[in-house]
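These notes concern the structure reproduced below.
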Amino acid sequence: MLALACALTACDKSPAQDSTAARPAPAKQTGQQVASERGPVQVTQIAHGLEHPWSVAVLPDGGFLVTERPGRLRRVGADGAVSAPIAGVPQVWAEGQGGLLDVVLAPDFASSKRIYLSYAEPGPDGSAGTAVATATLGAAALSEVTVIYRQQPKLVGPNHFGSRIVFDGHGHVFISQGERQERMASQDLKMLQGKLVRLNLDGSVPADNPYAGRSDARAEIWSYGHRNMQSLALDPRTGKLWEAEHGPRGGDEINLPEAGKNYGWPIITNGIDYSGLPISEAEGKSKAGMESPYHVWEKSPGLSGMAFYTGRADSAWNDSLFLGALADGSLIRLSLDGDKIVKEERLLKELGLRIRDVRVGADGKVYVLTDEKDGKLLRLDPPGKAGG
């Protein structure tokens, strides 16, 4: 087990990397098999030396885009070569949990080369808020950078920015956010903190949003009462949106957010304060007019990143939902029967690494980012079909 950890975590004490430099492909990509309930999984380290990487997007050419929280966007080749930072990234507020966050390819990326980035955007007097920009990806720089969303109002504080970006396949983009540790902001419909936002792809507000046309609410809002949403994915089997969010001390949860519904934070929660005391605003685990979690963990794994693995009947992992777990240091695999979660498995515990993001490639492999000063991009080859 120690040999595996060293193989995948560069135990050879390599010198500090220059954050502005490109890095060539490694002579050899290290890897080893790890056990799983359905058979051995081959884990291969594609690249390391990424500074607190936050999100990975799989490119059509077999390479990757990776965000680093301090504000850098890099290409990583399938061979593990790491580019110099791509120029043109918007200014980010890289403090606390803030920084450069999600990266996703636009639905028409093959022709447009457009990408979407979410990040913590600086504001006046030390404030910040979640923002989303689109840009055209070039070989070494972004062009046509356009901010399509800004969380308002901007608040002072270092935590709970979210944020993931998902397209619904019908011309809309969903943006998850945190409540910036201003708990009751999640319940205030005139604030965008603690809200799941739905926009048209250009950032305009869809006419059928639940609060469009109302003076007492922000028209961008899709659902509210969320805490810190770092997981968001669309089920390709049904088109249904799933999100996961951090509870406080306990109470991480999955929701299937619907238009105009209130998911309760901080009025209902399955967690307590980090101090060990109850959440002061909480009235219990449920309340009329508020949605209870679809699935809940009493002990928080620290959820970040989410990906469905479906449409692969020949794979032992078919009909699974993967979630990264920061605090638990694992990759969670939930077995699905339709929408029903029937079993949970925790993978990669041997590595002892914080899992920040997970994506499924067109090749059927699972790609994972670890959240460290020396962050890694890993590839998981699923086990064979045999197994329970």
In segment 260-280, anything open to solvent by 50 Å² or more (accessible area, probe 1.4 Å) and either assigned to a loop (DSSP other than H, G, I, E, B) or small (Gly, Ala, Ser) (or both) is listed as 261, 274, 275, 277, 278, 280
Any residue at all in segment 235-254 that is surrounded by fewer than 17 Cβ atoms within 10 Å (Cβ to Cβ), under 30 Å from residue 318 (Cβ atoms), out of contact with any helix residue (DSSP H, G or I) (no Cβ under 8 Å at 6 or more places or on another chain) and small (Gly, Ala, Ser)?
yes
One residue is enough: does segment 86-97 have a residue meeting the conditions surrounded by 20 or more Cβ atoms within 10 Å (Cβ to Cβ), small (Gly, Ala, Ser) and within 15 Å of residue 68 (Cβ to Cβ)?
no
Leading residue by the ranking (farthest from residue 232 (Cα to Cα)) among those in segment 103-157 that are in contact with a helix residue (DSSP H, G or I) (Cβ under 9 Å, 6 or more places away or on another chain) and among the hydrophobic types (A, V, I, L, M, F, W, C):
156
Only residues in segment 313-339 that are free of Cβ contacts under 8 Å to residues at least 12 places away in the same chain count as the first member; pair them with residues that are open to solvent by less than 10 Å² (accessible area, probe 1.4 Å) and not acidic (Asp, Glu), Cβ under 7 angstrom, at least 6 apart or cross-chain, and list the lot.
318/309
Which residues, counting only those in segment 187-210, are under 20 Å from residue 115 (Cα atoms), part of a loop (DSSP other than H, G, I, E, B) and not hydrophobic (A, V, I, L, M, F, W, C)?
202, 203, 204
Has segment 117-126 got at least one residue that is open to solvent by less than 10 Å² (accessible area, probe 1.4 Å) and closer than 15 Å to residue 375 by Cβ?
no
Please list, ordered by first then second residue, the pairs with beta carbon atoms under 7 Å, 6 or more apart or interchain, first in segment 262-278 and over 14 Å from residue 181 (Cβ atoms), second β-branched (Val, Ile, Thr) and not in a loop (DSSP other than H, G, I, E, B).
270/296; 278/272
So for segment 315-331 (the condition being within 23 Å of residue 223 (Cβ to Cβ) and polar (S, T, N, Q)), does at least one residue qualify?
no
Within segment 190-202, the count of residues that are open to solvent by 30 Å² or more (accessible area, probe 1.4 Å) and either under 21 Å from the mean Cα position of the chain (by Cα) or not basic (Lys, Arg) (or both) comes to 4
Whether any residue in segment 223-234 is more than 18 Å from the chain's Cα centre (by Cα) and open to solvent by 10 Å² or more (accessible area, probe 1.4 Å) is what I want to check.
yes
All positions within segment 122-158 that are charged (D, E, K, R) and either modelled with pLDDT under 95 or over 18 Å from residue 204 (Cβ atoms) (or both):
125, 154
Could you check, for segment 36-50, whether at least one of its residues is open to solvent by less than 50 Å² (accessible area, probe 1.4 Å), within 17 Å of the chain's Cα centre (by Cα) and either over 30 Å from residue 317 (Cβ atoms) or modelled with pLDDT of 95 or more (or both)?
yes
In segment 211-221, is there at least one residue being in contact with a Ser or Thr (Cβ under 6 Å, 6 or more places away or on another chain), surrounded by 15 or more Cβ atoms within 10 Å (Cβ to Cβ) and assigned to a strand (DSSP E or B)?
no
From 173, 132, grab the single residue that is under 18 Å from residue 259 (Cβ atoms) and either of a type in the set (D, E, K, R) or open to solvent by less than 20 Å² (accessible area, probe 1.4 Å) (or both).
173
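The values are calculated or read from the model by the stated rules, or taken from the named source; none is laboratory data. Predicted model only: the values in this text are computed from it and were never measured. Neighbour counts are summed over all protein chains in view; Cβ atoms, including those assigned to glycine, are modelled from backbone coordinates with ideal geometry. Remember, those area values only see protein heavy atoms, side chains included, never the ligands or the DNA or RNA. Shrake-Rupley method; radii C 1.70, N 1.55, O 1.52, S 1.80 Å.
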